[in-house]
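Input: a single structure, listed below in structure tokens.
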Amino acid sequence: MRGKKAIKRKVTPDPKFQSAQVAKFINYVMKNGKKSVAQGIVYDSFDLIAEKTKKNPLDIFELALKNVGPNLEVKGRRIGGANYQIPMQVKAERRFILACRWIIEASRERKGKAMFIKLADEFMSAANKEGMAMKKRETVQKMADANRAFAHLGR
């Protein structure tokens, strides 16, 4: 690695729920710097979740992120002319980022509805351990389990 490591900046909590995680998620949803549009999408999806489930949308949000975040992932490593897929433990910060990315990707792939509806549906299905984001997590976990024999190379 060249240069210095990037400094971690504090994310200010979002105005409605006072949660740093929700603020980060809004930033991931944002396209072309349109933060107010992203906030509207996330807040509307939270309102829809509260309306449909009669539960606190923050609880559903956190449960969905917890369910979708992977524990293991594979990283490619070249050893002696061969490439091995080595299963690695996922740190908490990366687990959050991957869960957010997969939920947003899965909701964007759904067709025919407004984004806030697709996002709310994906949150609710992820909280119930269903949906495209959970399928992505399962494939990553299966890949890590299949390559468990190479775990000793990761040290």
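Descriptive notes on the structure:
- Filtered by the rule that a residue be without any contact (Cβ under 8 Å) to a residue 24 or more places away in the chain and either among the aliphatic types (A, V, I, L, M) or within 16 Å of Leu98 (Cα to Cα) (or both), the range 10-24 gives Val11, Ala20, Ala23.
- Within the range 91-103, being surrounded by fewer than 19 Cβ atoms within 10 Å (Cβ to Cβ) and either in contact with a Ser or Thr (Cβ under 7 Å, 6 or more places away or on another chain) or of a type in the set (Val, Ile, Thr) (or both) holds for one residue alone: Ile97.
- Per the conditions (1) of a type outside the set (S, T, N, Q); (2) modelled with pLDDT of 95 or more; (3) exposed (fewer than 13 other Cβ atoms within 10 Å of the Cβ), the sole criterion not satisfied by Tyr43 is (3).
- Helices (runs of 4 or more DSSP H) fully within the range 25-124 that include at least 2 residues being without any contact (Cβ under 8 Å) to a residue 24 or more places away in the chain, under 22 Å from Glu138 (Cα atoms) and under 16 Å from the mean Cα position of the chain (by Cα): 92-109.
- When each of Met115, Met124, Met143, Met134 is tested for being under 18 Å from Met30 (Cα atoms) and either touching a helix residue (DSSP H, G or I) at 6+ places or on another chain (Cβ under 9 Å) or surrounded by fewer than 20 Cβ atoms within 10 Å (Cβ to Cβ) (or both), the lone residue that passes is Met115.
The values are calculated or read from the model by the stated rules, or taken from the named source; none is laboratory data. None of the values given here were measured: they were computed from a predicted structure. Counting neighbours? That spans all protein chains shown, and the Cβs are built from the backbone with ideal geometry, glycine included.
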